[in-house]
Amino acid sequence: MGFLNDLGLLLLRVIAGAMMIAWHGLPKLSDPPKFIGHLENSGYPLPEVLGYAVISAETLFPLLIVLGLFTRVSSVVAAGNMLGAAVLHHLIMSGDSLADTEKALLYFLVFVFLALVGPGGWTLGRLTGMKVRS
């Protein structure tokens, strides 16, 4: 890949991953019982399992995406989480309009793109010489 492609993928990974962690994952991670209680009160099945899966999909996996480690697999997990948020949470459970799902769908699109294209050339693994699949 060329310089601009690698730069673009780095910016996309870092900005989308950091935003996901800061604005979605950390608030849930800072008080898991509150988030799990919200899931339970909203009628989601297996709220504890779902709660920790969502927290992981919004913290751990985006961190791996930011670093460029296991980017494709991490992006599939993050994309699945965002699709679930858009369809299950916003459209079905909350009855939100399609416009209200815009942010979740944009995250979904970004993570699908990264799953298909990969992390680019500038990753922690390549920087350190680690033999890690992206």
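A short reminder: the numbers here are calculations on the coordinates, not readings from a lab. Keep in mind it's a predicted model, so treat the numbers as computed, not measured. For neighbour counting, all protein chains shown are included, and Cβ atoms are generated from backbone atoms with ideal geometry for every residue, glycine included.
Number of residues in the stretch 86-113 that are within 29 Å of Leu9 (Cα to Cα), without any contact (Cβ under 8 Å) to a residue 60 or more places away in the chain and among the hydroxyl-bearing types (Ser, Thr, Tyr): the value is 1. In the set Gly2, Gly37, Gly25, only one residue is free of Cβ contacts under 8 Å to residues at least 60 places away in the same chain, buried (at least 17 other Cβ atoms within 10 Å of the Cβ) and among the small types (Gly, Ala, Ser); that residue is Gly25. Residue count for the stretch 91-117, restricted to those that are part of a loop (DSSP other than H, G, I, E, B) and crowded, with 17+ Cβ neighbours inside 10 Å: 0. Looking only at residues of the stretch 2-55 that are small (Gly, Ala, Ser) and closer than 18 Å to Met82 by Cβ, we find that the one that is farthest from the chain's Cα centre (by Cα) is Ser42.
Scanning the stretch 67-85 for residues that are more than 21 Å from Met130 (Cβ to Cβ) and either among the aromatic types (Phe, Trp, Tyr) or surrounded by 19 or more Cβ atoms within 10 Å (Cβ to Cβ) (or both) turns up Ala78, Ala79, Asn81, Met82, Ala85.
Listed here are the helices (runs of 4 or more DSSP H) enclosed by the stretch 43-86 that have at least 1 residues being in contact with a Gly (Cβ under 7 Å, 6 or more places away or on another chain), farther than 9 Å from Phe111 by Cα and charged (D, E, K, R): 47-58.
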